[in-house]
1. Is it the case, given these coordinates, that residue 122 is modelled with pLDDT of 95 or more and in contact with a helix residue (DSSP H, G or I) (Cβ under 6 Å, 6 or more places away or on another chain)?
2. Return only the number of the condition from (1) of a type in the set (S, T, N, Q); (2) touching a Pro at 6+ places or on another chain (Cβ under 8 Å); (3) under 21 Å from residue 149 (Cα atoms) that residue 71 does not satisfy.
3. Quick check, is residue 35 more than 25 Å from residue 152 (Cβ to Cβ), open to solvent by 50 Å² or more (accessible area, probe 1.4 Å) and modelled with pLDDT of 90 or more?
4. Can you name the condition, by its number, that residue 136 falls short on among (1) modelled with pLDDT of 95 or more; (2) under 24 Å from residue 67 (Cβ atoms); (3) of a type outside the set (Val, Ile, Thr)?
5. Mind checking which pairs have a first residue in region 52-65 that is closer than 10 Å to residue 144 by Cα and a second that is part of a helix (DSSP H, G or I) and of a type in the set (Ser, Thr, Tyr), Cβ under 6 Å, 6 or more apart or different chains?
Amino acid sequence: MTEADDTQVADGAAANGVQHTMSENKTRATDASVSAFLAAIEDQQRREDCQMLLTMMARITGKRAGMWGPSIVGFDSYHYRYESGREGDMAVTGFSPRKNDISVYLTASGPDQGELLARLGRHKMGKSCLSIRRLSDVDLDVLEKLISGSVAEVRRVHG
């Protein structure tokens, strides 16, 4: 995750009498219902895939899911601080159903990430976002290893 990825400038803040000296993290833990969010997914296959990810990530992290922002199902949290001094909290791992795929957040790359991605199956990988159309396109054992490696690395680096 980069500083630009997780921040936004509060538009119109000065006009509303609010002074911000730094951008704020736009993705924060909320009290929204994970169950209600997942139940509202219209595509049945995507909803079932998300339920499987929910179970897998809960098992890997040992934590219950929570909503982060309006559309990310996240697990556990860690505190980060950039060299610029900006800091905040983020989910250790999570996922988000998107229009055409499911984003799986691999916040940190584990030591075997490259080799595992080569064996995963159909996917796209950004800096920390793994995009898959459906779980049937990937090897679930490899996906679990990728998520486990990312979680272990976040916990190693951020305590």
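1. On the way: modelled with pLDDT of 95 or more: yes; in contact with a helix residue (DSSP H, G or I) (Cβ under 6 Å, 6 or more places away or on another chain): yes.
Here the answer is yes, as residue 122 does meet what is asked.
2. (3)
3. Values: more than 25 Å from residue 152 (Cβ to Cβ): yes; open to solvent by 50 Å² or more (accessible area, probe 1.4 Å): yes; modelled with pLDDT of 90 or more: yes.
For residue 35, the condition - more than 25 Å from residue 152 (Cβ to Cβ), open to solvent by 50 Å² or more (accessible area, probe 1.4 Å) and modelled with pLDDT of 90 or more - is met.
4. With (1) modelled with pLDDT of 95 or more; (2) under 24 Å from residue 67 (Cβ atoms); (3) of a type outside the set (Val, Ile, Thr) applied to residue 136, the lone miss is (2).
5. That search, which allows pairs on different chains as well, returns 60/148.
The values are calculated or read from the model by the stated rules, or taken from the named source; none is laboratory data. Just so it is clear, the structure is predicted and the values come from calculations on it, not from any experiment. No Cβ is skipped: glycine too gets one built from the backbone with ideal geometry, and neighbour counts run over all protein chains shown. Heavy atoms of the whole protein, side chains included, go into the accessibility calculation; ligands, DNA and RNA do not. Shrake-Rupley method; radii C 1.70, N 1.55, O 1.52, S 1.80 Å.
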